Amino acid sequence: MDTTLSIYHITLLRHGESTGNADGYHQGQSDFELTETGRLQVRALARHWQTKGIQFDVIISSPLKRARQTAEILTEFLPTPLEIDQLWMELNNGVLAGLKHEVASEKYPPPDFRNPYTPIGQTGESAWELYLRAGQAVQSLLFHPPGRYLVVSHGGILNMALRAILGITLQANYQGASFDFPNTAYAVMEYYPQWHRWVIEQFNDQGHWPAD
């Protein structure tokens, strides 16, 4: 009898600092590039992983520049095939995309109450739609054979992916569990499909970069 375990080793990584992060914009699916600080963060992470001998079979990235540039820098240090998957794009935040936070608050004040089905930014995705897309993104990853995978993505959808993995339901007004993903912070987990068992090994790891 074959007792070999099939294991997925999955790392979820938020991109490096972008110009949108640095200048206070609602990003969503607006396409901001990495800042020089962001590039330094990614290089520091790549060297950290090199030192630890960490490797991946495939890197899967959102197509947005801030994520794709992060992934491309990592492949310079850790030669790995790179796949682009639209499912890992950030939340579509509708009319808020590309606006500075203070401008958006004045022009489009948030509603007093928002249920999980309320579109973000009037014309964007709801939290529920993002949750469903994150579940699709996880499913798409698991269509790959067992191995070591790095996903380079965005804080909003990475939060939803972890909720989907852990079976956490959505609540109104952003209440309930949330997960901190500063720039180039990452979570590490394993998935055992034989038992449908997820094991979270690391979370919010950013030891490669000095604390603010």
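Taking into account only those residues within the stretch 11-49 that are in contact with a Leu (Cβ under 7 Å, 6 or more places away or on another chain) and in a helix (DSSP H, G or I), which is farthest from GLU76 (Cα to Cα)? Within the stretch 11-49, the match that is farthest from GLU76 (Cα to Cα) is TRP49. The condition of being over 29 Å from HIS208 (Cα atoms) and in contact with a strand residue (DSSP E or B) (Cβ under 9 Å, 6 or more places away or on another chain) holds for GLY98.
Here HIS26 meets the list (1) within 30 Å of TRP198 (Cα to Cα); (2) surrounded by fewer than 24 Cβ atoms within 10 Å (Cβ to Cβ) almost entirely, failing just condition (1).
Condition check: in contact (Cβ under 8 Å) with a residue 24 or more places away in the chain, more than 18 Å from the chain's Cα centre (by Cα) and not in a loop (DSSP other than H, G, I, E, B). Does GLU102 satisfy that? So GLU102 fits the description; yes. Does at least one position in the stretch 13-20 carry a residue that is of a type in the set (Asp, Glu) and in contact (Cβ under 8 Å) with a residue 40 or more places away in the chain? Within the stretch 13-20 (the criterion being of a type in the set (Asp, Glu) and in contact (Cβ under 8 Å) with a residue 40 or more places away in the chain), the answer is yes, since at least one residue qualifies. Among the residues of the stretch 115-160, what is the count of those that are of a type in the set (A, V, I, L, M, F, W, C), under 12 Å from TYR8 (Cβ atoms) and surrounded by fewer than 17 Cβ atoms within 10 Å (Cβ to Cβ)? Number satisfying all stated conditions: 2. Based on this model, can you work out whether VAL151 counts as under 10 Å from the mean Cα position of the chain (by Cα), at pLDDT 95 or above, in a strand (DSSP E or B) and at negative phi? So VAL151 passes the test. Inside the stretch 41-55, residues that are surrounded by fewer than 22 Cβ atoms within 10 Å (Cβ to Cβ) and either of a type in the set (Val, Ile, Thr) or touching a residue at least 12 places away in the same chain (Cβ under 8 Å) (or both) make up a count of 10.
The values are calculated or read from the model by the stated rules, or taken from the named source; none is laboratory data. Model, not experiment: these values are computed from the prediction. Quick reminder, even Gly has a Cβ in these numbers, built from the backbone with ideal geometry, and neighbours come from all protein chains shown.
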